[in-house]
1. With r as the distance between the Cβ atoms of V65 and V95 and R0 = 35 Å, compute the FRET efficiency 1/(1 + (r/R0)^6) and round to 0.05.
2. Would you calculate the convex hull of the Cα atoms in segment 3-92 and tell me its volume per residue in Å³?
3. Less than 17 Å apart at the alpha-carbon level, and either on another chain or at least 8 residues along: which lysines does that give for K13?
4. List the DSSP H helices in the chain whose Cα atoms stretch 20 Å or more along the helix axis and whose mean Kyte-Doolittle hydropathy is at least 0.0.
5. Mind listing which chymotrypsin sites (Phe, Trp or Tyr not before Pro) in segment 8-101 are in a DSSP loop and have 11 or fewer other Cβ atoms within 10 Å?
6. Taking the Cα centre of the chain as the origin and placing charges on Cβ (Lys, Arg +1; Asp, Glu -1), which of G70, G86, F23 is farthest toward the positive end of the dipole?
7. Within segment 18-91, which GluC sites (Glu not before Pro) sit in a loop by DSSP and count at most 16 neighbouring Cβ atoms inside 10 Å?
8. So if I place +1 on the C-beta of Lys and Arg and -1 on the C-beta of Asp and Glu, and nothing else carries charge, what would the dipole magnitude of segment 3-92 be about its Cα centre? I want it in debye, nearest 20.
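Values in this text are rule-based calculations from the coordinates and carry no lab data. Note that the structure is a prediction, hence the values are computed from the model and not measured. Don't worry about glycine lacking a Cβ; one is built from the backbone with ideal geometry, like all the others, and counts go over all protein chains shown.
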Amino acid sequence: MNLEKMQNAEKLKLCRRYYFGGFLALPFLWAVNAVWFVREAFFKPHFEEQAEMRKYVIRSTIGAVVWVAGIIAWNVIFQLNRASWGEVADRISYVIPTGIP
């Protein structure tokens with residue numbers, strides 16, 4: 001999709017959809033929203049919808065960073081403590097390692 005061919009109101013509408021879509025267990029949309037609309041929100045000459053678009057881009061960036069940090073934190077905690085969690089860790093593991101840790 002070429003953003004240059006879209007009207008500013010349509011860009012804002014799409015930005016808003018991606019932002020709210022991130023709340024529906026699709027936080028990848030926040031990352032896409034942040035990357036896709038950063039030029040429109042911060043580097044283009046001023047237009048009426050730009051202030052609201054900035055708000056959505058900033059919030060999408062924060063949401064994506066928090067989500068990625070949470071996934072990394074969970075992964076590190078799980079990898080470090082998997083053996084000590086016993087059966088619970090085995091039940092939530094996709095691949096159950098064999099042998100003694």
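1. Working: r = 28 Å, r/R0 = 0.81.
According to the calculation, E is roughly 0.80.
2. In segment 3-92, the Cα hull volume divided by residue count equals 93 Å³.
3. Cα-Cα hits under 17 Å: K5, K55.
4. Details: long enough: 28-42 (21 Å, 1.13); 50-81 (46 Å, 0.73).
Qualifying helices, which must be both long enough and hydrophobic enough, are 28-42, 50-81.
5. Values: sites: Y18, Y19, F20, F23, F28, W30, W36, F37, F42, F43, F47, Y56, W67, W74, F78, W85, Y94; in loops: F23, F43, F47, W85, Y94.
Taking segment 8-101 and a limit of 11 other Cβ atoms within 10 Å, the loop chymotrypsin sites (Phe, Trp or Tyr not before Pro) found are F23, F43, Y94.
6. Sorting the options by dipole projection puts first F23.
7. Values: sites: E40, E48, E49, E52, E87; in loops: E48, E49.
Taking segment 18-91 and a limit of 16 other Cβ atoms within 10 Å, the loop GluC sites (Glu not before Pro) found are E48.
8. Working: 12 positive and 8 negative charges, 29 e Å.
Computed charge dipole of segment 3-92: roughly 140 debye.
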